[in-house]
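Scroll down for the structure; my scribbles are underneath it.
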Amino acid sequence: MSIRILFLFMITVLQSACNPEPPEWMTDPGEIIFQGYRSVDSNCSRCHGRDGRGGMDGENIRGALNELGANEVFDIIKFGKGDKVNGMPPLGEELNDADIHNVINYMRKWDIGDSTVTIPNSVPGLDTTRNDSNF
């Protein structure tokens, strides 16, 4: 009987480790996506670091909005960039347009320099009227 209880306990622990919930203080939807709490397939921090300054596999993306503009960053997130081995994978199947806008809003906080600032749900300079048929 105790082996069965131990087995059930281990299964419960493993399931919770696979789908962790974000900490209570993390309420920004873009940060939740960026940090990988929504899906391991769209975990930006895995490559770009928890603060966007880069990691083993990804570039430093702080300042990307100022350098490239919101539309270019949107396209890179949605459609990917570079080769399949070393490049940024497309996340358009894991994230919808609203999710990508939320990630961009979260990234914009880095440029402001205050992670406590509340950003509106729209991204200044991002053309939200576009659709994929324009490409």
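Quick notes on this structure:
- Sequence-ordered 3J(HN,Hα) estimates for the range 77-88 from the Karplus curve with 6.51, -1.76 and 1.60 and θ = phi - 60° stand at 5, 6, 9, x, 7, x, 6, 5, 7, 10, x, 7 Hz, glycine and proline given as x.
- For residue 59, the amide hydrogen comes within under 5 Å of no other amide hydrogen, counting only partners 5 or more places away or on other chains and with H modelled in the peptide plane.
- Residue by residue, the range 29-40 carries 3J(HN,Hα) couplings of x, x, 5, 4, 5, 4, 7, x, 6, 7, 7, 5 Hz when phi is fed to the Karplus relation 6.51 cos²θ - 1.76 cosθ + 1.60 (θ = phi - 60°); x denotes Gly or Pro.
- Potential extension, residue 84-residue 72 segment - 0.36 nm per residue separation minus Cα distance: 2.4 nm
- Pairwise Cα separations in the range 22-122 fall into 10 Å bins from 0 onward with the following percentages, short to long: 16, 55, 27, 2.
- Placed amide H near residue 80: partners under 5 Å, 5+ positions off or other chain: 91
- Placing pseudo-labels 7 Å out from each Cα toward the beta carbon at residue 27 and residue 94 gives an inter-label distance of 2.7 nm.
The numbers here are math on the coordinates, done by the rules we state, and not lab data. From a predicted model like this one, the values you see are computed outputs, not experimental measurements. When we count neighbours, we look across all protein chains shown, and the Cβ atoms used for this are built from the backbone with ideal geometry, even at glycine.
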